[in-house]
Structures are given as structure tokens and as C-alpha cells.
Amino acid sequence: MNHLPFSLSDFDLQLVNTFSSQLLSAKKKKIALVVQGGGQRGIFTAGVFDAFLDAEFDPFELYVGTSAGALNLSSYISRQPQFGYQFIANYTTDNEFFNLYKYLSKQKSMNLDWALQTVAPGGSLQLDIATARQVLRHRAALACATRKDTLQDIYLPMFQSDWREVLRASCAIPVIYNQPVNLRDLEWVDGGVSAAVPVKEAWQRGADLIVVVRTEPVQTLDGETSPFNDWREKIETVLPDYIEKLSLNESLDKVKAIRSDLTQRLEQWKLWNDKPSGKPEIHSPQLQPLDPNGDSSQIITPRSSNWRLLSADNIERFLSIAGKGKSAEIIEMLNRYYRTYDELNGFLLNPPDGLKVIQITPERPLRSRALLSDKDDLEMDYREGKVVGRHFIEHFAEILNETTALTPKH
């Protein structure tokens, strides 16, 4: 038994006990903590980490995080409870950080620089850099970022002199954050493009046991849950054809109507069915230019759930939605995202021999979204994360503290 899902609904005490007993051996283990991104959904992770901090639990020798996951790791390593919650609930919901109407009408991108300034020395929510560096004397922390030229995942050390630029590189959501991120003579975009769950890096660095904190439920290899919604919410606001329909005088209602229209078109794209091989049995309709006042309520029902999101036909359809300009760049990143995501999911569910994986996950899809979440939804997701974190402490803290190879333990 190499993989254990851990959530409020997916909890089997017998399986937990069996997995725990397998961890007991004379050999000490290198334990890694891997953290998925997810934008504001990272508030679930903030709850898990606050439970860990309350219990002074940290048997991890290696930390690896992507995007919002790297930000949450920062406050866990710096031993600052409530930091992740405050950053997401109070700062990423501020209009200064991101405003949909201003983005669509004025092309004002996500203000990641402002958000990172708040956590820098002198900011209103400072990270304790000195404590983090003290913690890392016997450990390593890495943030995943994506090279823009090759779309390769690269792992940058955290809490060095360029720590803020490293976080900026890891969190630079394509198109929504339109400022170039230049670091170490390269240009970077969000780490989630190439490694949404950077578990393979931890394994390649010698981890025997990896605890993964996810911002979505565990997926089975043939399951219906999809990362599509996470990227859809990032894309909905940025496609050029839609931006061109807006002006400074457009009403907020029209912005919402256009965004709803695009959401339905993206759902169409998701639902189109392609056979595993050969041509589809049915021809998909051609997409017509979108009319904000038109009727786009018809959604095509798939013949089966076996649709391939990244087939050539579906990519072509998406390009017809996106129009020209940045659409080709977006599609290239989407392609990379989905290919690596599927590979990572398979790796998590079937770890190689010698590796054990525990996935801490929400019970069901979180209420919050990547951006533009309701504060009540954020609060609920944070509370769920904290409860799950406490359950994990109850069942695993003692055994992981005993089996970690980390010395000295602190």
C-alpha cells in the first residue's frame, strides 16, 4: 500500500492504521511536504498549516510548493499562524489585487507586485524571513516556476536574497498577470503551468514519504473530476475577443453577461466528445462569433465521458474561441498543463516502489475559486482545512515525528 487519500469523507481507519504500521521500520525516512497551488483555494491549505503550527508539527526535511502553494509554505516555514488566511482573505480579495471589471475594461492586470510588497519587510503583513532561514538550516524549500521559453518546471530555492522574485515567478498566472518576470537571465510564468503538484521533484530528491496538500479532491484515473474549472476561471477573463467587446462605458451587468457567455462556450468545449482514436462519430458545430446579446444557452451533451480535452479538434475549437494575439501562447501553456497534470495524477495514485504518498485533500470541490471568491466561502474552506489538519495530526504526528530522518528535530 503506497498511496493513502486523507479527507473528511475519504477516511478509513483500518486503511490509516495499515498505512501507519507500514511506516514503522528501523530505517529513518526523508519526509517531504508538497503543496499544490490553486489561487484563493489555497485558503484550505492555510487551514491545514495552521493546524500543523498549533501542534508544532513539522517532521519535513524538504518542502516543495507551486504558486499559491509556495506562498502558503512561506508562512508555514516562517512559523506564522493565520498568515496564509489573512493574506488570502484580506489581500487577494482587495480590489487593488484584482478587479474583474477593471481588468476587462482597462486591461489592469492582477497586481501581484502590490500583494508581495505587503509581505516584504516594512509591509503590512511581513513574512518573518529570519525565522524561516533559521528553520531551513537543516532543510530545503523550493518554489516551482515555469520557464516561459521551454515551459519546463524549474525549482528555485526559497528565502534567499531573491525570495520575493522567486515567489513572483512561481505565482505569475499567464495573461492575468501581464508583467514580465525576469530572474537569473530567464523569463518565468506560474509554476502550475508545468507542475501543478510538484511531487516528482520531491521523489527525485530522495523523499521516502511525501505528504501532499491538495486544493481539490483526490482524482481517480477514470474519474469525472477535472482541473478544467481551475484553468477556465483563469481564462474566462482574458480572451482577446471578449476584451475587445468592452469599453470604459460598458455596464457591470454587460461584463457579467459576457463572462457568463464565455463560461458556457468553455463548457461546450469541455463536453465535446472525441473517440480515443480516429475521428469523432459526430461532427461538432462550428463556433460562431459571440454576441453578448445573443442566445448561447445550448450546451452539447457528450455521447460518453471519454472525451479527450487536448485532442487536435478541441485545441482548434478553443483557438476559434480565443481569437488571435495571445491565444496560441495560452493554448501552448494549457497543453503543457493538462499533459503534466495527467502524468502527476497517475504518479500520485500509483507511486513507484519505495515511495509512499499521503494526499490531504478537501472532502469535495472547494467553495472558493482561483479568483473572485466570496469571503464566506473562503471562511468555510479555511475551517475545513483546519479540521482535516487536526485529524491528520491525531493519526500521524507521533509516527512521523518518530520516523523522520531530520536531525536535529525542531
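The one condition from (1) acidic (Asp, Glu); (2) free of Cβ contacts under 8 Å to residues at least 60 places away in the same chain; (3) buried (at least 22 other Cβ atoms within 10 Å of the Cβ) that GLU56 does not meet is (3). Residues of the stretch 2-50 that are buried (at least 21 other Cβ atoms within 10 Å of the Cβ), under 27 Å from LEU372 (Cα atoms) and of a type in the set (Gly, Ala, Ser): GLY37, GLY38, GLY39, GLY42, ALA46, GLY47. Against the condition loosely packed, with under 15 Cβ neighbours inside 10 Å, in contact with a helix residue (DSSP H, G or I) (Cβ under 9 Å, 6 or more places away or on another chain), at pLDDT below 95 and among the polar types (S, T, N, Q), how does GLN160 come out, does it pass? The answer is no for GLN160.
Scanning the stretch 186-219 for residues that are open to solvent by less than 20 Å² (accessible area, probe 1.4 Å) and in contact with a strand residue (DSSP E or B) (Cβ under 8 Å, 6 or more places away or on another chain) yields a count of 20. Within the stretch 388-407, one or more residues are open to solvent by 70 Å² or more (accessible area, probe 1.4 Å), in contact with a helix residue (DSSP H, G or I) (Cβ under 9 Å, 6 or more places away or on another chain) and part of a loop (DSSP other than H, G, I, E, B). Note on the stretch 346-382: among residues that are assigned to a helix (DSSP H, G or I) and touching a Leu at 6+ places or on another chain (Cβ under 7 Å), the one that is farthest from PHE19 (Cα to Cα) is ASP381.
Of all residues in the stretch 52-62, those satisfying the criterion of being within 19 Å of GLN82 (Cα to Cα) and either modelled with pLDDT under 95 or among the aromatic types (Phe, Trp, Tyr) (or both) are PHE52, PHE57.
If you go through the stretch 65-113 and keep only what is of a type in the set (Gly, Ala, Ser), touching a residue at least 60 places away in the same chain (Cβ under 8 Å) and either buried (at least 24 other Cβ atoms within 10 Å of the Cβ) or within 16 Å of ILE43 (Cα to Cα) (or both), you end up with GLY65, SER67, ALA68, GLY69, ALA70, SER74, ALA89. When the stretch 331-378 is limited to residues that are aliphatic (A, V, I, L, M) and open to solvent by 10 Å² or more (accessible area, probe 1.4 Å), the one that is nearest to ARG214 (Cα to Cα) turns out to be LEU366.
The values are calculated or read from the model by the stated rules, or taken from the named source; none is laboratory data. Keep in mind the model is a prediction, meaning the values are calculated, not measured. Quick reminder, even Gly has a Cβ in these numbers, built from the backbone with ideal geometry, and neighbours come from all protein chains shown. We work out accessible area using only protein heavy atoms, side chains counted, and drop any ligands, DNA or RNA first. Shrake-Rupley method; radii C 1.70, N 1.55, O 1.52, S 1.80 Å.
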